[in-house]
1. Specify which residue in the list Asn110, Tyr52, Cys177 is farthest towards the positive end of the charge dipole of the range 34-213, using unit charges on the beta carbon of Lys, Arg (+1) and Asp, Glu (-1), about the Cα centre.
2. What is the set of long-range amide H partners of Lys35 at a cut-off below 5 Å, with H atoms built 1.01 Å from backbone N?
3. Can you tell me the relative contact order of the range 102-207? Whole percent, Cα pairs under 8 Å, sequence separation 6 or more.
4. Using θ = phi - 60° and the Karplus curve 6.51 cos²θ - 1.76 cosθ + 1.60, what whole-Hz ³J(HN,Hα) does each residue of the range 186-199 get, with Gly and Pro shown as x?
5. Work out from phi, with θ = phi - 60° and the Karplus expression 6.51 cos²θ - 1.76 cosθ + 1.60, the ³J(HN,Hα) of each residue of the range 155-170, listed in order in whole Hz, and give x for Gly and Pro.
6. Amide H of Ile212 versus every other amide H placed in the peptide plane: which residues, excluding those fewer than 5 positions away on the same chain, fall under 5 Å?
7. For the range 34-213, what does the alpha-carbon gyration tensor say about shape, rounded, prolate or oblate, given a ≥ b ≥ c as the root eigenvalues, a/c under 1.5 as rounded, and a/b over b/c as prolate?
8. What's the exposure ranking of Trp60, Trp180, going from fewest to most Cβ atoms within 10 Å?
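Computed from the coordinates by the stated procedures, all read-outs in this text should not be read as laboratory data. Keep in mind it's a predicted model, so treat the numbers as computed, not measured. Note that each Cβ is placed from the backbone with ideal geometry, even for glycine, and that neighbours are counted across all protein chains shown.
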Amino acid sequence: MKILYLLILIFLISCSSYFTPSVDSLPENDQNSDKSIYLVGHGWHAGIVLKYSDISDKFWPEINDFTDVEYLEVGWGDMDYYQMPDPHFGIIFKAALLPSSSVLHIVGFNAPVTDYFPHSEVIKLHLTDSGFEKMIQHIAASYSRDENNKSFILGPGLYGDSLFYRSKETYHIFKTCNIWTAKTLRSAGLPVNPAISVEGLMSQASKLGKVIQSKQLPPDQ
C-alpha cells in the first residue's frame, strides 16, 4: 500500500512539467499598491489571506457571512479530503486520481497573519487595484450557486470562524489545491505557474513578494 501511495505521489509530481504557460503577457505587480495579500504555506497546501475591508461584496457576496473580522483566508480542495480532519488512504487515493467535487474553505480572523499562523511560512504580496479585483472575481466564480445566485454552505470549517462552501469546479490530478491557488494568484496578474507541490508554489511567490515568516516547527517537535 505504501508503494502504491509513493507511485501516486511520483506521478503527481511528474505532472508538474505539463504546466508551463507563458507569463510574458501578465502585468507586473505594483509594489506601491495599497492592496496587499498573504500566501500562507500549510504543509500540503497554501491559503490566500486577504484584508476583509479591501473586498467588495459586489463581486464576492459571501463575505457577508463573516462579521467583525479583519482577514479572510481562502483555500480550495477535494470535497471529501478537505473536510476530513484525518483522511484515510482511500480518500487520499480518490483525491489523487479520480475527478471529484470540491469545496472552498473560508476562515475569518482578527489576529495578525503571522500570529494566527505561527508555524507557517507567510509571504506578503502586492497587487494592483485591478489585479486585486480580478482575483476577487476569480474566487467568487468558484462558488456553486443556485438559480437565485445563492451559494451552498456545507458546514463549519476546520479551525476558527470558518465555513465550507460547495465549489462548482472539479478536483483532479491536473487541478489540485496548489494548482488552483497558483491560478488564483495568476488571475491577479502575478506571474505564477501552476505547481503540484506547496514548495513549488511558495518558492515562486517568494521571488515576487517578501517572506515575512519562515516555516517553524511547533515547540514540542
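1. Among Asn110, Tyr52, Cys177, the one farthest towards the positive end of the dipole of the range 34-213 is Cys177.
2. Leu127
3. Working: 131 pairs, mean separation 33.5, N = 106.
Computed value for the range 102-207: 32 percent relative contact order.
4. Computed from phi, the couplings for the range 186-199 are 5, 5, 7, x, 7, x, 10, 8, x, 10, 5, 9, 5, 4 Hz.
5. Result, ordered by residue: x, x, x, 7, 7, x, 7, 9, 9, 9, 10, 6, 9, 7, 8, 9 Hz.
6. Excluding prolines and chain starts, which carry no amide H, the hits are Val122, Ile123, Lys124.
7. Verdict is rounded for the range 34-213.
8. Details: Trp60 20, Trp180 25.
Exposure proxy ranking, most exposed first: Trp60, Trp180.
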